[in-house]
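Visitor: Sending over a structure as structure tokens; questions will come in a sec.
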Amino acid sequence: MGNHRQAGIYTIDIAHGIIYHDGSAILGLDIICDHAGKIWIGTWGEGLLIIDKEKQTIKNIKKYNERIAANSIGALLEDRNKNIWFNTFDNAANNILVINPARTSLKLITGHQKRAISFFENSDGEICVGNLPGSIDFISLKNNTISTLGEDNGFSLRPWLVTEDNQGKTWAVANDTVCVINKTRDSVKNIITNATAINQLKGSLMKDENENIWIGTLDKGMILINNKAPGAEHLGKENGLTDPNIWGILEDKQSNIWIGTENGVNIYQPGKNSMAQLTHVQGLPNNNTGRFMEDDQHNIFISTAAGLR
């Protein structure tokens, strides 16, 4: 995993409770695990790292030998066909590239002044690419097409987070606004949340099994939007949250909603309409919590300001 507080690659041996640090100065910007169990890390200035745990090897892909912005990888995604998508960026050019499932070829999809900041695969197999300064590209490898939603279509937000509901509508989050785009992309609706800022980190936007959209904010707690009901509902301290500053959301395999805040973890059980809390009292190394991950054994991993739990 990457660490912004102390650069380098950290590897966790869960069975033995050991954390290894390689001692490098690598700063990770994004990280994914592909279908074969290989770890892909996008870095600042050091290109793309591919870690093979079985062979205990690290492969480095970069354009230039020196550590410069042109070797920076901002976002990663493995699609359903096992292609790896990533973007490179610097002041001169921004590229979206794809590595094929066999990992034998690299294809340039686009090269333009827009900077990709997020990837999401929709139900049609299109890759939705959120761009700066404000647009979404819908890329289909199957049809060899790229369509863009931008200012000409009434969309001008910076789409840091993108998801899709069960009706095929695209949801994009930026600043204090949630944008809803219908499936045919000829209608754009903005929902003003009255939150000072919506958290733009990965893991702060989620669709649950009941089609509710959950959005973490920096001062209004959770925003809960039900497709079948008008408006947005806020879930805050009055509903049992320990803090209104949200840094991560996860729906586990038992349908519980895990919410990471600056004052511990809140676990919402929709079936019981109850809220439980986890803090340092229950064993968290720090109450400042962020993203979550659930493994195949239903263990929940929690990132905190003092390490992983």
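The values are calculated or read from the model by the stated rules, or taken from the named source; none is laboratory data. Bear in mind the structure is a predicted one, so any value in this text is a computation, not a measurement. We place every Cβ from the backbone using ideal geometry, glycine too, and count neighbours over all the protein chains shown.
Visitor: Restricting to the range 188-218, name every residue that is modelled with pLDDT under 80, in contact with a Leu (Cβ under 6 Å, 6 or more places away or on another chain) and not polar (S, T, N, Q).
Guide: Once the filter is applied, which keeps residues that are modelled with pLDDT under 80, in contact with a Leu (Cβ under 6 Å, 6 or more places away or on another chain) and not polar (S, T, N, Q), the range 188-218 yields only Ala197.
Visitor: Being more than 12 Å from Cys128 (Cβ to Cβ), in contact with an Asp or Glu (Cβ under 9 Å, 6 or more places away or on another chain) and not in a loop (DSSP other than H, G, I, E, B) is the filter here; which residues of the range 159-193 pass it?
Guide: Correct list: Val180, Ile192.
Visitor: Moving on to the next point. Identify, please: which residue in the range 116-158 is in a strand (DSSP E or B) and of a type in the set (Phe, Trp, Tyr) and is, among those, farthest from Ile32 (Cα to Cα)?
Guide: Out of the qualifying residues, it is Phe138.
Visitor: Here is a list of conditions, (1) in a loop (DSSP other than H, G, I, E, B); (2) buried (at least 18 other Cβ atoms within 10 Å of the Cβ); (3) under 17 Å from the mean Cα position of the chain (by Cα), and Arg80 meets all of them except one; can you say which number that is?
Guide: (2)
Visitor: Over 30 Å from Glu233 (Cβ atoms) and either over 22 Å from the mean Cα position of the chain (by Cα) or not aromatic (Phe, Trp, Tyr) (or both): is that true of Lys183 in this structure?
Guide: So Lys183 fails the test.
Visitor: Determine which member of the set Lys169, Lys207, Lys189, Lys237 is closer than 29 Å to Asp137 by Cβ and surrounded by fewer than 17 Cβ atoms within 10 Å (Cβ to Cβ).
Guide: Lys189
Visitor: Sort through Asp152, Asp90 and tell me the only one that's at pLDDT below 95 and touching a helix residue (DSSP H, G or I) at 6+ places or on another chain (Cβ under 8 Å).
Guide: Within the list Asp152, Asp90, the selection yields Asp90.
Visitor: Taking the residues in the range 236-265 that are in contact (Cβ under 8 Å) with a residue 24 or more places away in the chain, in contact with a strand residue (DSSP E or B) (Cβ under 6 Å, 6 or more places away or on another chain) and outside any strand (DSSP E or B) as candidates, determine which candidate is nearest to Leu161 (Cα to Cα).
Guide: Among those that are in contact (Cβ under 8 Å) with a residue 24 or more places away in the chain, in contact with a strand residue (DSSP E or B) (Cβ under 6 Å, 6 or more places away or on another chain) and outside any strand (DSSP E or B), it is Asn245.
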